[in-house]
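Heads up, the thing below is written out as structure tokens.
The values are calculated or read from the model by the stated rules, or taken from the named source; none is laboratory data. Small disclaimer: the values here were computed from a predicted structure and weren't measured. Note that we place each Cβ from the backbone using ideal geometry, even for glycine, and neighbour counts take in every protein chain shown.
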Protein chains: 2
Amino acid sequence: MDKYTALQVFEALSSGVRLDVFRLLVQAGPEGRVAGDISSALDIPPTNLSFHLKGLAQAGLVTAEQEGRFQRYRANIALMVDTIGFLTENCCGEGVSCELTGVAEGVCKP
Amino acid sequence: MDKYTALQVFEALSSGVRLDVFRLLVQAGPEGRVAGDISSALDIPPTNLSFHLKGLAQAGLVTAEQEGRFQRYRANIALMVDTIGFLTENCCGEGVSCELTGVAEGVCKP
DNA sequence: AAAATGCTTCAACTTTTCTTGAAGTGTTGA
DNA sequence: TCAACACTTCAAGAAAAGTTGAAGCATTTT
């Protein structure tokens, strides 16, 4: 993963609205949710929701699929997990031990 | 972890400058780095760096310790790892399998 | 004590992001 | 075909974040 991709991911999750939307989609699982469904579940006006969904989709954190006149969104959890790998790169290299950094086991040595 | 804490973490990492700083500190390990060191390593004016370090510290992603007239910063990787746990909460619950979501093994069932 | 160093805070400006109503696109059902 | 529906795009104003030089505070050196 490159820095730009990671930055897009963090930017996407740096808004309360988008964080709520992503979490809702994570909990929805592979079925995902259609836009209007998300709008009413979180009480966000459709115009505003569309703006934020665009940001999440651009970052790759959600995928969009047309379903008749509905638009179904799904979370991409794998990208989120990969992003952590990017952040913890080299955190245990060069004589730096996991014990000292307090990092959970398995994170630094995948 | 609550939503506010997670949001602070993502906001903190949603800037290119702060992402660079955090990654530098992750790679620096437990020794950390003093502010002036970071400033010259990443070519960021001290004033601006101070602004961004404040954001990272407020989110809890870095800690600051005075060392004479220097200020030493260290990364808090554990918080980053915890934040992922928050995001993937319930992602495999209620009949939703990890296989379908494509999530790395062990993430959903810690 | 005075000057130098390391860093932060402040104030002002610039830039970006957010929010909302109005208008637009495509789809479905009467 | 026409109205209703689901959602997105557009435009404009409001709010938040980023950047910089000048000034401030604390520590160290001379």
For segment B:21-35: of the residues being more than 22 Å from A:Val81 (Cβ to Cβ) and in contact with a helix residue (DSSP H, G or I) (Cβ under 7 Å, 6 or more places away or on another chain), which is farthest from the other protein chains (Cβ to nearest Cβ)? B:Ala35
Any residue at all in segment B:43-54 that's of a type in the set (Val, Ile, Thr), surrounded by 15 or more Cβ atoms within 10 Å (Cβ to Cβ), away from chain A (no Cβ under 11 Å) and under 21 Å from A:Glu89 (Cα atoms)? no
Would you be able to say whether some residue in segment A:58-67 is near DNA strand D (Cβ under 9 Å from one of its atoms) and buried (at least 17 other Cβ atoms within 10 Å of the Cβ)? no
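Residues checked against (1) more than 18 Å from B:Gly16 (Cα to Cα); (2) polar (S, T, N, Q):
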{"site": "A:Leu13", "(1), (2)": "no, no"}
{"site": "A:Gly16", "(1), (2)": "yes, no"}
{"site": "A:Gln58", "(1), (2)": "no, yes"}
{"site": "A:Asn76", "(1), (2)": "yes, yes"}
{"site": "A:Leu79", "(1), (2)": "yes, no"}
{"site": "A:Gly85", "(1), (2)": "no, no"}
I'd like the residue in segment B:77-86 that is surrounded by fewer than 22 Cβ atoms within 10 Å (Cβ to Cβ) and modelled with pLDDT of 85 or more and, out of all such residues, is nearest to the other protein chains (Cβ to nearest Cβ). B:Ala78
Which one of these does B:Leu7 not meet: (1) within 15 Å of DNA strand C (Cβ to nearest atom); (2) away from chain A (no Cβ under 11 Å); (3) of a type in the set (A, V, I, L, M, F, W, C)? (2)
Failed condition for A:Ser50, given (1) within 6 Å of DNA strand D (Cβ to nearest atom); (2) over 16 Å from A:Ser15 (Cα atoms); (3) within 17 Å of the chain's Cα centre (by Cα), with all others met? (2)
